[in-house]
Amino acid sequence: MSAHRPNLIFIVADDLGFADLGCYGGRDADFGAVSPVLDQLAADGLRFTQGYANSPVCSPTRFALMTARWQYRLRGAAEEPINSKSKGSTTLGLPPEHPTLPSLLKQAGYRTALIGKWHLGYPPAFGPLQSGYEEFFGPMSGGVDYFTHASNNGTHDLYEGTQEKHEEGYLTDLISQRAVDYVRRMAAGAAQGTPFFLSLHYTAPHWPWETREDQALASDLSSNLFHLHGGNIHTYRRMIHHMDEGIGWLVQALRQSGQLDNTLIVFTSDNGGERFSDNWPLVGGKMDLTEGGIRVPWIAHWPAVIRGAGVSEQHCLTMDWSATLLALGGANAHPDFPLDGVSLAGVLQDPDRTFERPLFWRMNHRGQRACRIGDWKYLLVDGHEYLFNITDDARERANHASRQPERLAQLRQAWENWHADMPPIPQDATVSLGYSVRDMPQR
């Protein structure tokens, strides 16, 4: 272990599918490897095969990431997801008084920054600088055009700190370039014992479907960023590749500044893939509690501690990684806000070490419930109950509910016991779907 606490970089892609990366079985694109940088980080680090997002939709997962607690404890996370209609709300966001991953690390002596997507409520009631980040560059909403930087209601949405920032360029590249600049500025302090925490939250490969070469599309998307008439797997893969290239710039900046060895880079997605993603062998995607909506890539790279070519089957959630970063950073939870996340620090040093980690989810959308304990998963969708052995059947096609009623009852009760400790879903909570079966067939 280094004499200095590690720098911490938490990279979150947006709507990336489980098998979109080469290191998770993804196929090459027509231009070659889609994710060579991330594939190399996995080869030199640790890849998790049984890792999950706290939610199958973006903003609820981000509440869990920021607090290291079940997102259901906060009203804003009941929105699936927060949408632009919540502008002006004083309740639909991350309360500034709530301890967060960046605020706790900041108290422990870290420099902190968010570069990329916030999506946890709108100013003036909410914002990154009110929740522990010293610096912020990125959009406040859930999705923006990559060139105009306008949100789905057509308003400009790119900020530096608390001020609107008008800057030309492809958003993925702007985010990557800002991350490189931040690392270079923080390197001297890190070398002297003042580490940094960087949240790097890309909007890629979230719609609209635009590569660096697609600026001409922006004018056609000003009124509907869902881009239901466009996109394809080729554009989608290129968008991932642009993000991957930017992560490569970041890794190179860390290497050049002498900070790579003692920097823990964690990479994941906020939820499962959307319409053009590859989730194989999983079914479902964003908004679903089937595996395709919640099982996501998790890569950890830290040369000073993690041996290369590691693979872990440890079950984990987004908030567990937040708890891990707090533990490694020497930050303590606030006594009034105990963590629900569980540190994975021991797993990073020994990938063969695993521990039982019960996992629970709920969704207002379609009345979904899910619980995974060990090999088994309980699932409720549209009033139908299912029981799957996920280890044998990751695709969730062989339903054991009628053949193993006792096991079904045990997992159902485990979910009920967990749910009893969570606030109920508010009656006014909203579900915002960008498209339906009227726009494209059901997955």
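The values are calculated or read from the model by the stated rules, or taken from the named source; none is laboratory data. A quick note: this is a predicted structure, and the numbers were derived from the prediction, not measured. Using ideal geometry, Cβ is built from the backbone for each residue, glycine included, and neighbour counts are taken over all protein chains shown. What goes into the accessible areas is simple: the full protein's heavy atoms, side chains included, and nothing from ligands, DNA or RNA. Shrake-Rupley method; radii C 1.70, N 1.55, O 1.52, S 1.80 Å.
What the table below lists for this structure:
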item: Lys, Arg +1 and Asp, Glu -1 on Cβ, resulting dipole of the chain about Cα centre, debye, nearest 20; result: 700
item: Under-5 Å amide H pairs with Leu158, H placed in peptide plane, nonlocal only; result: Lys165
item: Listed residues Ser199, Ser55, Ser257, most fluctuating in the chain (Gaussian network, C-alpha, under 10 Å); result: Ser257
item: Accessible area expressed per residue, the stretch 163-221, with surrounding protein chains retained (probe 1.4 Å, Å²); result: 41
item: Unit charges on C-beta of K, R, D, E only; dipole of the stretch 330-443, Debye; result: 420
item: ³J(HN,Hα) computed for each position of the stretch 106-111 - Karplus, 6.51 cos²θ - 1.76 cosθ + 1.60, integer Hz, glycine/proline x; result: 4, 4, 8, x, 8, 7
item: Highest-MSF residue in the chain out of Lys85, Lys286, Lys165 [GNM, Cα springs under 10 Å]; result: Lys85
item: Residue-by-residue Karplus 3J(HN,Hα) for the stretch 98-103, coefficients 6.51, -1.76, 1.60, Hz, glycine and proline x; result: 7, x, 9, 3, x, 5
item: For the stretch 94-153, accessible area per residue (1.4 Å probe, heavy atoms of protein chains only), Å²; result: 26
item: Which of His234, His166 is most accessible, then next, and so on - probe 1.4 Å; result: His166, His234
item: Amide H partners (placed H, <5 Å) of Val34, local residues excluded; result: Gly22, Ala29
item: Difference of contour (0.36 nm per residue) and Cα-Cα distance, Arg353 to Asp28; result: 113.8 nm
item: Top positive-direction residue, dipole computed over the stretch 1-144 with Cβ charges, set Ala53, Pro81, Leu101; result: Leu101
item: Distribution of pairwise C-alpha distances over the stretch 169-221, 5 Å bins, in %; result: 4, 16, 21, 17, 12, 10, 8, 6, 4, 1
item: Rel. contact order, % - alpha carbon contacts under 8 angstrom, at least six apart, the stretch 10-143; result: 18
item: Length-normalised contact order of the chain in % [C-alpha pairs under 8 Å, at least 6 apart]; result: 24
item: Of all accessible heavy-atom area on the stretch 103-191, the percent that carbon and sulfur account for (1.4 Å); result: 48
item: Per-residue ³J(HN,Hα) for the stretch 199-205, Karplus 6.51 cos²θ - 1.76 cosθ + 1.60, θ = phi - 60°, Hz, x for Gly and Pro; result: 8, 10, 10, 6, 8, 6, x
item: Cα-based convex hull, the chain, per residue volume (Å³, whole number); result: 135
item: Charge dipole of the stretch 255-372 about the Cα centre (unit charges at C-beta), most positive-ward option of Asn332, Asn271, Pro297; result: Asn271
item: Per-residue SASA entry for Glu396, accessible area with 1.4 Å probe, Å² rounded to 10; result: 10
item: Rounded Å value of the spacing that divides the Cα centres of the stretch 314-389 and the stretch 243-258; result: 30
item: Tally of Lys pairs whose C-alpha atoms are under 27 Å apart, taken over the chain, 8 or more apart or cross-chain; result: 11
item: Solvent-accessible area of Glu134 with every protein chain in place, 1.4 Å probe, in Å² to the nearest 10; result: 70
item: Lys, Arg +1 and Asp, Glu -1 on Cβ, resulting dipole of the stretch 365-427 about Cα centre, debye, nearest 20; result: 120
item: Percent carbon-and-sulfur accessible area, the stretch 215-336, ignoring ligands, DNA and RNA, probe 1.4 Å; result: 49
item: Share of carbon and sulfur in the accessible heavy-atom surface of the stretch 374-426 [1.4 Å probe, %]; result: 46
